[in-house]
Amino acid sequence: MENEKDKFKLYASCLLTKGALRSTICDVQREKFEFIPNILYEILTEHDGSTIEEVVGIYGEENKDTIMEYFDFLKKNDFLFLTDEPERFPQVSLSTPHSAHITNCIIDFDRNSPHDLASIVPQLDALNCKSIQVRYHYDATIDELESQLTAITNSKVMSCYLLLPYCNCYQARDYIRLLDIHQRIRHITLHSCPQDAVLKTDDESIGLRVSLTEKAIDPEKHCGDIGPEHFRINLRLFSESNTSNTCLSHKLSIDKEGYLKNCPSMPQQFGLFGHLSLKEAIEKEGFRDYWKIKKDDIDVCQDCEFRHMCTDCRAFRSSTENRYSKPLKCDYDPYTAKWGDRTKLKKSKPEQSEKIKTATN
């Protein structure tokens, strides 16, 4: 039974972010968020561990009804609880230790690329890299993909994501076979399709691992999109965005010509694969400069209530001269709490592709 002398505490999984006009409360366990007014952010941060009665005393009886409404909202949404021992419930740690030298790597290929996965993956293993994204700038055959991806079979790479142009000579069963042979492939995106579609298969879990879009994607211009559809609410992202860059931290990229970079879309390169090792590249002066640029360092982002559920892009910036400028492809204004016209556009519901058919035996 609640006691009016009990003190309020947010659940450890409920984390606050203050914006210019409003704040958010993110439940990183249930992966949900709600907007709250900035005055409630102030109450929850400056008067944490107080009683509700003490808060009313600070803000005045004339505001009691509003304050009680705030706390009713917090309790109804299971963001907050009352206790007589608030010291027993410390805040969650936002530290993000990295045991890996590199956590993820983007590898681009065109028909003339001088590198291959067989020579790259062993070096990624030495850096303890667990995730790779492989992007093809040409219509690689299924046989080519099978051959190249053999390199990850017994590696430390735990997840692989593929980006490919659509080819009407392949059907669903070809991609399913690829997923079956290389089970570390988490997702395949096919672009330049006749229409947006979902892959229909007897095994729904397989179908969810293949996306088809009619949009023509240039891999080196594709990154940097910012919008609600890209928001992720979890402790890992929230913590990382408080301490480091959510896109470039512990990332390595190899562009289609073999140049080693932070991101294939960035002009700065740190050498050519084959002329120096991946370890030598990440230890070169300047390679890690972007790793520590966090959301609170970035113009406009630092005033955005979404900043700890949002990723970041330093390749496409509002100002190429300022590495701390707002991401170019974000059209949200935290000073008006409004999205631009680009984000308001709604895509039609995907339909089953006539070209990518149901798998058959």
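If a residue must be open to solvent by 10 Å² or more (accessible area, probe 1.4 Å) and farther than 15 Å from Arg135 by Cβ, how many such residues does the range 244-253 contain? Even if it seems obvious, please write down each step before you answer.
Within the range 244-253, the first condition is being open to solvent by 10 Å² or more (accessible area, probe 1.4 Å), and the residues that meet it are 246-247, 250-251.
With the extra rule that they be farther than 15 Å from Arg135 by Cβ, the set shrinks to 246-247, 250.
Total satisfying the criteria: 3.
One residue stands out among those in the range 14-29 that are closer than 13 Å to Ser239 by Cα and of a type in the set (A, V, I, L, M, F, W, C): the one that is surrounded by the fewest Cβ atoms within 10 Å (Cβ to Cβ), which is Leu16. Given the structure, is Lys292 under 17 Å from the mean Cα position of the chain (by Cα) and open to solvent by 40 Å² or more (accessible area, probe 1.4 Å)? Yes. The set of residues from the range 216-262 being closer than 15 Å to Leu163 by Cβ and either outside any loop (DSSP other than H, G, I, E, B) or in contact with a helix residue (DSSP H, G or I) (Cβ under 9 Å, 6 or more places away or on another chain) (or both) comprises Pro219, Glu220, Lys221, His222, Ser253, Ile254, Asp255, Lys256. Note on the range 226-237: residues that are under 18 Å from Pro327 (Cβ atoms) and open to solvent by less than 50 Å² (accessible area, probe 1.4 Å) amount to 4. Checking the range 85-97 against the condition returns a match, with at least one residue being open to solvent by 10 Å² or more (accessible area, probe 1.4 Å), under 30 Å from Phe273 (Cα atoms) and not small (Gly, Ala, Ser).
Quick check on Ile185: is it farther than 30 Å from Cys304 by Cα and under 22 Å from the mean Cα position of the chain (by Cα)?
Judged against the criteria, Ile185 is a match.
When every residue of the range 170-179 is checked against the conditions, at least one turns out to be surrounded by fewer than 17 Cβ atoms within 10 Å (Cβ to Cβ) and assigned to a loop (DSSP other than H, G, I, E, B).
Check Arg307, Arg323 and return the single one that is touching a residue at least 24 places away in the same chain (Cβ under 8 Å), loosely packed, with under 15 Cβ neighbours inside 10 Å and out of contact with any Pro (no Cβ under 8 Å at 6 or more places or on another chain). Walk me through it before giving the result.
Numbers: Arg307 fails: loosely packed, with under 15 Cβ neighbours inside 10 Å.
Step by step, each of Arg307, Arg323 is checked, and only Arg323 is touching a residue at least 24 places away in the same chain (Cβ under 8 Å), loosely packed, with under 15 Cβ neighbours inside 10 Å and out of contact with any Pro (no Cβ under 8 Å at 6 or more places or on another chain).
Residues that are more than 35 Å from the chain's Cα centre (by Cα) and on the phi < 0 side of the Ramachandran plot number at least 2 in the following helices (runs of 4 or more DSSP H) confined to the range 1-84: 52-59, 64-76. If you go through the range 156-169 and keep only what is part of a strand (DSSP E or B) and either over 17 Å from Lys215 (Cα atoms) or not assigned by TED's automatic domain parsing to the domain that holds Thr213 (or both), you end up with Ser159, Cys160, Tyr161. Looking only at residues of the range 254-271 that are of a type in the set (A, V, I, L, M, F, W, C) and touching a residue at least 40 places away in the same chain (Cβ under 8 Å), we find that the one that is surrounded by the fewest Cβ atoms within 10 Å (Cβ to Cβ) is Met266. Please go through the range 125-140 and pick out each residue that is open to solvent by less than 50 Å² (accessible area, probe 1.4 Å) and in a loop (DSSP other than H, G, I, E, B). Within the range 125-140, Leu127, Asn128, Cys129, Tyr138, Ala140 meet the criteria. Within this structure, Pro122 fails the test of being in the same structural domain as Ile282 (by TED's automatic domain parsing), more than 19 Å from Tyr161 (Cα to Cα) and open to solvent by 70 Å² or more (accessible area, probe 1.4 Å). For the range 271-323, the set of residues classified as touching a His at 6+ places or on another chain (Cβ under 7 Å) and not in a loop (DSSP other than H, G, I, E, B) consists of Phe273, Ile282, Lys295, listed by residue number. Screening Leu74 against (1) in contact with a strand residue (DSSP E or B) (Cβ under 7 Å, 6 or more places away or on another chain); (2) surrounded by fewer than 19 Cβ atoms within 10 Å (Cβ to Cβ); (3) over 30 Å from Leu163 (Cβ atoms) leaves a single unmet condition, (2).
The values are calculated or read from the model by the stated rules, or taken from the named source; none is laboratory data. Here the structure is a predicted model, which means the values were calculated and not measured. Note: ideal-geometry Cβ built from the backbone for every residue, glycine included; neighbour counts use all protein chains shown. We work out accessible area using only protein heavy atoms, side chains counted, and drop any ligands, DNA or RNA first. Shrake-Rupley method; radii C 1.70, N 1.55, O 1.52, S 1.80 Å.
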